[in-house]
Amino acid sequence: GQNIDQPTEMTATEGAIVQINCTYQTSGFNGLFWYQQHAGEAPTFLSYNVLDGLEEKGRFSSFLSRSKGYSYLLLKELQMKDSASYLCAVKGTGGFKTIFGAGTRLFVKA
Amino acid sequence: EPEVTQTPSHQVTQMGQEVILRCVPISNHLYFYWYRQILGQKVEFLVSFYNNEISEKSEIFDDQFSVERPDGSNFTLKIRSTKLEDSAMYFCASSVWRTNNEKLFFGSGTQLSVL
């Protein structure tokens with residue numbers, strides 16, 4: 001079976017750092033994605049990890065531990081516009097479909 | 001920047017009616033997908049399409065659903081006899097290849113309401 005777990009909601013303050021965790025159990029693993037989805041809009045790509053370790057891209061970093069089935073997305077210097085849902089998604093073996101978690105709604109307050 | 005376009009943005013239909021949702025993927029992309037998102041729930045995979053045939057489908061994609069690429073640019077999802085539970089946002093997506101790190105480009109979605 002396939003299962004992707006992430007917290008439902010998080011709240012953080014503008015300028016702060018927030019870490020959004022994701023654990024997964026999938027039949028096969030060919031990479032983990034993070035997408036951002038603003039309310040009423042389409043998901044947009046943030047990051048991809050397939051090897052263990054940290055990938056940094058500006059204010060956003062993503063970490064993967066394949067042995068633990070664990071990833072996190074780190075957002076630094078939070079801005080109000082970062083208020084959105086963050087979707088953890090996994091590509092299994094076979095390679096055609098990407099399976100999404102339910103998403104974490106992040107609220108950034110002033 | 002090239003984008004995936006979907007029409008219509010909103011579709012209201014009566015239960016039992018057929019609907020066709022339309023998508024124009026990014027022009028050099030080869031792989032096409034439909035996902036749906038019921039309000040407040042997760043994005044769910046429906047189907048992937050490559051080289052004019054379905055490459056993978058989920059258990060949601062039953063006989064009432066079909067996909068087609070009628071010409072060189074459009075990609076459509078047909079729901080033959082809509083049910084109340086088909087009400088959702090339907091996203092079309094495309095990717096250049098199906099390599100593991102290939103990100104999905106999503107359209108802005110069609111909000112389908114079945115009454």
(Q) Being within 12 Å of chain A (Cβ to nearest Cβ), open to solvent by 60 Å² or more (accessible area, probe 1.4 Å), within 25 Å of A:ALA39 (Cα to Cα) and not hydroxyl-bearing (Ser, Thr, Tyr) narrows it down to one residue among B:GLU102, B:GLU44, B:GLU85, B:GLU1; which is it? (A) B:GLU1
Q.
Filter the range A:29-48 down to the residues that are open to solvent by 30 Å² or more (accessible area, probe 1.4 Å) and in a loop (DSSP other than H, G, I, E, B) and list them by number.
A. A:PHE29, A:ASN30, A:HIS38, A:ALA39, A:GLY40, A:GLU41
Q: With the checklist (1) open to solvent by 80 Å² or more (accessible area, probe 1.4 Å); (2) more than 14 Å from every other protein chain (Cβ to nearest Cβ); (3) among the hydrophobic types (A, V, I, L, M, F, W, C); (4) not in a strand (DSSP E or B) in hand, flag the one item A:ALA16 doesn't pass.
A: (1)
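Being within 20 Å of A:ILE99 (Cα to Cα) and touching a strand residue (DSSP E or B) at 6+ places or on another chain (Cβ under 6 Å) narrows it down to one of B:GLU44, B:GLU68, so name that one.
Numbers: B:GLU68 fails: within 20 Å of A:ILE99 (Cα to Cα).
Only one candidate passes the filter, namely B:GLU44.
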Q | Close pairs (8 angstrom Cβ cut-off, 6 or more residues apart or separate chains): closer than 18 Å to A:GLN19 by Cα and at the interface with chain B (Cβ under 7 Å from one of its Cβ atoms) in the range A:81-101, aliphatic (A, V, I, L, M) and open to solvent by less than 40 Å² (accessible area, probe 1.4 Å) anywhere | A | A:LEU87/B:VAL43; A:GLY101/A:ILE4; A:GLY101/A:LEU87; A:GLY101/A:ALA89
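Taking the condition open to solvent by 10 Å² or more (accessible area, probe 1.4 Å) and in contact with a strand residue (DSSP E or B) (Cβ under 8 Å, 6 or more places away or on another chain), does A:LYS91 pass? Walk me through it before giving the result.
Details: open to solvent by 10 Å² or more (accessible area, probe 1.4 Å): no; in contact with a strand residue (DSSP E or B) (Cβ under 8 Å, 6 or more places away or on another chain): yes.
Answer is no for this residue.
The values are calculated or read from the model by the stated rules, or taken from the named source; none is laboratory data. All values reported here derive from a predicted model rather than from experimental measurement. Please note: Cβ atoms are built from the backbone with ideal geometry, for glycine as well, and neighbour counts cover all protein chains shown. Accessible surface is based on the protein model in full, side chains and every heavy atom, while ligands, DNA and RNA are left aside. Shrake-Rupley method; radii C 1.70, N 1.55, O 1.52, S 1.80 Å.
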